[in-house]
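These notes are about the structure you will find just below.
The values are calculated or read from the model by the stated rules, or taken from the named source; none is laboratory data. From a predicted model like this one, the values you see are computed outputs, not experimental measurements. Virtual Cβ from ideal backbone geometry, glycine too; neighbours counted across all protein chains shown. Calculation scope for accessible area: heavy atoms of the full protein, side chains included, ligands and nucleic acids excluded. Shrake-Rupley method; radii C 1.70, N 1.55, O 1.52, S 1.80 Å.
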Amino acid sequence: MIAFALILTAVGLLLSGLFSGSETALYRVARLRLELAAKTGDRVMAAVAWIAARPWLFIGTVLVGNNVANYVFSMGVILIIHNATDLRGAGAETAAALLAAPLLFLCGELLPKRLGLEAPFATLQRFGPLLIFFAVLFVPVSLLLYFWNRLWKKLVAAGPEDVRFFIADRELRRILDEAREAGLLFNVQRVLATRLFAAASQNITAGMRPLSQFPILPWNAPTRELEEAVRADPPFVLLRHPKRSRGPSGYLPAVAILLRQGDSDRLERRPLLRVPADETMIETLALLYELGEPIALVQDRGGAPLGAVLESDLRRALLAGEDATPPRDSLRAVRTA
């Protein structure tokens, strides 16, 4: 009986180390290295990379695995105490907790996590087959946690996608810091890259301005009315076409209005580029740059206008504060020229 109790204790301790070390290694390992190992034909690392790309699966595996490991370890320690002493019930459980906690913390948590932190790839190579086995074994529970997370996200909180973005962001920051320390990147380059990657995937609605900030006039408004509507920020006047009722259809730059005197019909009115609201900031900036447009109208799937986005605003957000918007003083100088 004592031999069985010792086996239970050892198995529980090993399982705790497996899940604790694998959890840290999965958070710490470079995803690029996993993908490269998978491309070279390493089936174990390909499966680990597949698991790592699904936070709901590896988080469920680690959570369930740690609980099972702790239960098995505790059961083994209690059986040892039952066979070695006369303690029973609450006394045995208390003694087991006092004796097992330091051992479990040191050998089942601290050392495996340290190994996963210092050598994440080697840890996953060593424990990969066992991790894959338990990931498959615990799939029903992991799926239950996945659907619970989806429901929880709809109600109040973040879901697995947010966890994945958090992991990717932390990994990117670590790579950039290491590149700077190795002399591959200057600090300003690291800051620029960090801001670019942080803002590039954001939805365009995060960078748009409400239409209430823009003066909106009829398509053939007279020059004096256009001049009176000019603002320093934003430096555009939006125009409503008489045959289109769903928001503005064109625009005029403030500088063009102030420099062009006389009949307003001589001003070249440009049509407003329209972008969907689910577009990203980096894709919208690339489109504006390619077409040479400084402004675009953001609309929902039904074509209703939501706001306008400026190319200068996107560059400011993506390129660490670069601003191409004409300052107020320059517009005032044009007004008085």
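Give me the residue from the range 10-31 that is more than 28 Å from the chain's Cα centre (by Cα) and open to solvent by 20 Å² or more (accessible area, probe 1.4 Å) and, out of that set, farthest from A52 (Cα to Cα). Quick ask: steps written out before the conclusion?
Taking the range 10-31 first, the residues more than 28 Å from the chain's Cα centre (by Cα) are 10-17.
With open to solvent by 20 Å² or more (accessible area, probe 1.4 Å) added as a condition, the list becomes 10-11, 13-15.
Values: A10: 27, V11: 25, L13: 24, L14: 22, L15: 19 Å.
The qualifying residue farthest from A52 (Cα to Cα) is A10.
For the range 236-249, give me each residue that is open to solvent by 10 Å² or more (accessible area, probe 1.4 Å) and in a loop (DSSP other than H, G, I, E, B).
Looking only at the range 236-249, we keep the residues that are open to solvent by 10 Å² or more (accessible area, probe 1.4 Å), and these are 236, 240-247.
Listed by number, the residues that qualify are H241, P242, K243, R244, S245, R246, G247.
Yes or no, residue by residue, for (1) open to solvent by less than 20 Å² (accessible area, probe 1.4 Å); (2) at pLDDT 85 or above; (3) not in a helix (DSSP H, G or I):
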{"site": "E268", "(1), (2), (3)": "no, no, yes"}
{"site": "I282", "(1), (2), (3)": "no, no, no"}
{"site": "A296", "(1), (2), (3)": "yes, yes, yes"}
{"site": "R301", "(1), (2), (3)": "no, no, yes"}
Among the residues of the range 38-63, the number that are in contact (Cβ under 8 Å) with a residue 60 or more places away in the chain and surrounded by 20 or more Cβ atoms within 10 Å (Cβ to Cβ) is 9
When the range 41-90 is checked residue by residue, the ones that are more than 23 Å from the chain's Cα centre (by Cα), modelled with pLDDT of 80 or more and not in a helix (DSSP H, G or I) are G41, D42
